[in-house]
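Written below as structure tokens is the structure these notes are about.
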Amino acid sequence: MIDPRRFWRRHAADPGPTPDAETTQSLAARLDSASQQRLGRSLAICHVNAGSCGGCELELRALTGVLYDLERYGLRFVDSPRHADVLVTTGPLTRTLRTALEQAWDATPDPKWVVAVGDCAVDGGVFKGSYAVLAGTGSVVPVDLTISGCPPTPARLLAGLRALLEANAR
Amino acid sequence: MTAAAIIASAGAESCHPWPRHILTPTDWAAMAAFLVADPSLALVGLWADTTHVHALFLTEAEDLPLLASVPVEAGAYTALSPARPGAAWFERLIHDLWGHAATGGMDARPWLDHGLWPHSAPLSPRPVPPPAMAEPPDFLPPTEDGLFQLPIGPIIGCIDDAWHLRLTLRGETVERAEARLGYTHKGTLALMRGKPPRTAARFVARLGAEATVAHSLAFALATEAALAVAAPPRAATLRRMMGELERITVHLGDLALLGDAAGAPGVAATCGEQRELLARELEIAFGHRLMMDCVVPGGVAADVGPEGMRAVRRGVGRVVTALPGLRRLLESSACLTRLVGLGRVDRQMVHAFAAGGVAGRASGRRFDARQLRDERSVTAPIDTTGDAAARCRLQLVEIESSLRLLGRLLDTLPDGGTSVALPMLSGEGIGCAESARGDVWHWLRLDHGQIAAAFPRDPGWALWPLAEWAMQGAALEDVPAIQRSFGLTASGADL
Ligand code: SF4
């Protein structure tokens, strides 16, 4: 027989104990210096393709594999700019994708960083001067970090992203 | 009379190694009419230059390429899309880049041009200011009221190409899938024009990263055919090795993504790891993890020393060792079972779009561009089931056969030079190579050593329409797995 009361009794966890004021204070003092470093060490990254050839994506994807295991550094890929701290852009920025990049940038909450990955995203790369492309990510949104290479190796990408993490923690 | 006979009876231009027949507009129209009831010719590609429209066919019986051209009169030519559905996207491309209109075409909507370039018809002698165009671009009208439209892209979110897929949903079932590409159009053809082949090869290598070796090779072969030179034997063998290595890495990468999409993280992790380990050896051997810019017209960019050869052997050996485990993993995980019956395409469809590679062979179309050239010994396995599971199994089988071929090539690598100089001559050539996703074709015309006109045909031209078709009737949750099973990329077809 089911107890009918369970349908209208509200379930809630027991209230937690009030923290000891004295311990909190001493902890807070000790943590203060380290807190930024400890707690600031996580960044959500969203990839925005601005017309790449697919090479930079291959290397970014490699980062998420078991050998580089990006997540252990507190870096993770998310699938919407709304949840991102960092936009990673690839490709020379085709005219057709300009609006998409602008919208992704607008949708990313502040504070945000933009990392231009690959020679294309840095300044248009080999496609510089074509009628169909603008000169890289920087021609439309402010870029905080560039990682050059065609495509940059995963090791380089990782070094760049970790630098961002360190800077963020300071 | 057949379409092939009409083409063969027309006068030919000297294009190497296969002649290009110039048809009169009347003959071309007759050929188009015959094509409707004649399935023996597959349309591989359709493109243009400032004065002519060119079609590349393949005779399905003996896999012989057949090139036909027609002069454009009053800015128009007779469309092939009523006879070959795959022609529709090409006709839209020709209109967007060169401004020639397809009379009687099935679809006159723009394709690459989203109305945001400084001029429309950028490759025509007289580009005009752009027309006002709808952004987001116009899609087919809904078939009936009350169906839900789900737009995906062009920013996909997961690390992927930029494309747009519009799904029309009835409940959870896909009623129609319509792809719109052109987002990654970088104006490659305009950049190649007027440059010597060695310089233009840099753009060719960046048409699509997962077929960079195949594109570079097809382009190099076309250039060499046009100039009547041949790469030295050592370079030829090194190129074949790179082609097979690329096939293995791309298949491993595809299997990793497919494993992810099909809920088999173990498969994804193993394949991803193997791919990465092989890429590291490739960097030691060829100086680039993807072997970009390593195949150049006239040969290869750099010789591979003993240290490099050891790296290749190490890489190949590691995949050989890992393969039985991978096969077991694939068969024991839910991955293959999950893929059975998904995204099925029948033989007729792959013929209609001239789809090659794993997608074509999984549905019974046996064409393999390697057999057109020196590699008669390559016997590509075929399947007739045509679903995602069949494509997945074939990928694994192809990795095995590539490994065997590599073993042979490593043992028989000849000594000698690795490139020849290219004469500054005029000529026309066509070349093809088998990428992991299917056959890549490059056509070009040289004018005193500089590119006057060129066109690359990426396998994406066949795979996208096929995938659109295969998604019809699928459950929404299966769409990612179907998409992955075709290995869809946009950049190569976006030019
Ligand atoms: S930087 Fe190189 S690899 Fe990256 S998108 Fe550009 S051409 Fe491709």
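The values are calculated or read from the model by the stated rules, or taken from the named source; none is laboratory data. The model shown is predicted, which means the values in this text are computed figures rather than measured ones. When we count neighbours, we look across all protein chains shown, and the Cβ atoms used for this are built from the backbone with ideal geometry, even at glycine. Areas reflect the complete protein model, heavy atoms only, side chains present, ligands, DNA and RNA absent. Shrake-Rupley method; radii C 1.70, N 1.55, O 1.52, S 1.80 Å.
Worth a mention:
- Residues satisfying the stated conditions in region A:140-157, i.e. more than 14 Å from the ligand (Cβ to nearest atom) and open to solvent by less than 20 Å² (accessible area, probe 1.4 Å): A:Val141
- If you go through region A:113-139 and pick out every residue that is near the ligand (Cβ under 9 Å from one of its atoms), of a type in the set (A, V, I, L, M) and facing chain B (nearest Cβ under 9 Å), you end up with 1.
Each row is one residue, and each column tells you yes or no for (1) open to solvent by 50 Å² or more (accessible area, probe 1.4 Å); (2) aliphatic (A, V, I, L, M); (3) within 14 Å of chain A (Cβ to nearest Cβ).
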{"residue": "B:Pro85", "(1), (2), (3)": "yes, no, no"}
{"residue": "B:Leu97", "(1), (2), (3)": "no, yes, yes"}
{"residue": "B:Thr103", "(1), (2), (3)": "yes, no, no"}
{"residue": "B:His114", "(1), (2), (3)": "no, no, yes"}
{"residue": "B:Val128", "(1), (2), (3)": "yes, yes, yes"}
{"residue": "B:Pro141", "(1), (2), (3)": "yes, no, no"}
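- B:Arg280 open to solvent by 40 Å² or more (accessible area, probe 1.4 Å) and closer than 24 Å to A:Pro152 by Cα: yes
- Taken over region B:351-401, the criterion of being under 19 Å from B:Ala467 (Cβ atoms), in contact with a strand residue (DSSP E or B) (Cβ under 9 Å, 6 or more places away or on another chain) and of a type in the set (A, V, I, L, M) is satisfied by B:Ala352, B:Ala354, B:Ala355, B:Val358, B:Ala359.
- Looking only at region B:164-196, residues that are assigned to a loop (DSSP other than H, G, I, E, B) and within 14 Å of chain A (Cβ to nearest Cβ) come to 10 in all.
- A:Ala84 meets all of the listed conditions (1) away from the ligand (no atom under 16 Å from the Cβ); (2) more than 10 Å from chain B (Cβ to nearest Cβ); (3) in contact (Cβ under 8 Å) with a residue 40 or more places away in the chain but one, namely (2).
- Test for A:Val78: is it touching a residue at least 24 places away in the same chain (Cβ under 8 Å), among the hydrophobic types (A, V, I, L, M, F, W, C) and either more than 13 Å from chain B (Cβ to nearest Cβ) or within 16 Å of the ligand (Cβ to nearest atom) (or both): no
- Scan region A:56-75 for residues that are touching a residue at least 60 places away in the same chain (Cβ under 8 Å), away from the ligand (no atom under 16 Å from the Cβ) and in a helix (DSSP H, G or I) and the total you get is 2.
- Some residue of region B:265-285 being assigned by TED's automatic domain parsing to the domain that holds B:Leu342 and in contact (Cβ under 8 Å) with a residue 60 or more places away in the chain: yes
- Any chance B:Phe286 is farther than 16 Å from B:Cys392 by Cα and away from chain A (no Cβ under 14 Å): no
- B:Thr199 falls short on exactly one of the conditions (1) over 30 Å from B:Ser426 (Cα atoms); (2) surrounded by fewer than 18 Cβ atoms within 10 Å (Cβ to Cβ); (3) modelled with pLDDT of 85 or more; (4) within 11 Å of chain A (Cβ to nearest Cβ), and that condition is (1).
- Among the residues listed as B:Ala209, B:Ala218, B:Ala236, the single one being on the phi < 0 side of the Ramachandran plot, within 16 Å of the ligand (Cβ to nearest atom) and at pLDDT 90 or above: B:Ala209
Quick grid of which residues meet (1) surrounded by fewer than 24 Cβ atoms within 10 Å (Cβ to Cβ); (2) hydroxyl-bearing (Ser, Thr, Tyr); (3) closer than 30 Å to B:Leu342 by Cβ:
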| residue | (1), (2), (3) |
| --- | --- |
| B:Arg170 | yes, no, yes |
| B:Thr173 | yes, yes, yes |
| B:Leu181 | no, no, yes |
| B:Val204 | no, no, no |
| B:Leu238 | no, no, no |
| B:Leu245 | no, no, yes |
| B:His251 | no, no, yes |
| B:Gly266 | yes, no, yes |
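- Taking each residue of region A:142-157 that is closer than 19 Å to A:Tyr68 by Cα and looking for partners that are assigned to a loop (DSSP other than H, G, I, E, B) and more than 13 Å from the ligand (Cβ to nearest atom) with beta-carbon atoms closer than 7 Å, six or more apart or interchain, yields A:Pro154/A:Tyr68.
- A:Lys128 passes every criterion in (1) more than 30 Å from B:Asp96 (Cβ to Cβ); (2) surrounded by fewer than 20 Cβ atoms within 10 Å (Cβ to Cβ) apart from (1).
- Within region A:68-96, tally of residues that are touching a strand residue (DSSP E or B) at 6+ places or on another chain (Cβ under 9 Å) and open to solvent by less than 10 Å² (accessible area, probe 1.4 Å): 12
- Test: B:Arg84 is modelled with pLDDT of 85 or more, basic (Lys, Arg) and either touching a Lys or Arg at 6+ places or on another chain (Cβ under 7 Å) or within 21 Å of B:Ala226 (Cβ to Cβ) (or both): no
- Against the numbered list (1) among the polar types (S, T, N, Q); (2) open to solvent by less than 60 Å² (accessible area, probe 1.4 Å); (3) in contact with a Lys or Arg (Cβ under 8 Å, 6 or more places away or on another chain), B:Gln395 comes up short only at (3).
- Residue match in region B:433-441 (condition: among the basic types (Lys, Arg) and under 27 Å from B:Thr50 (Cβ atoms)): no
- Residue selected from region A:97-112 under the condition open to solvent by less than 10 Å² (accessible area, probe 1.4 Å) and away from the ligand (no atom under 16 Å from the Cβ), by the criterion farthest from the other protein chains (Cβ to nearest Cβ): A:Thr108
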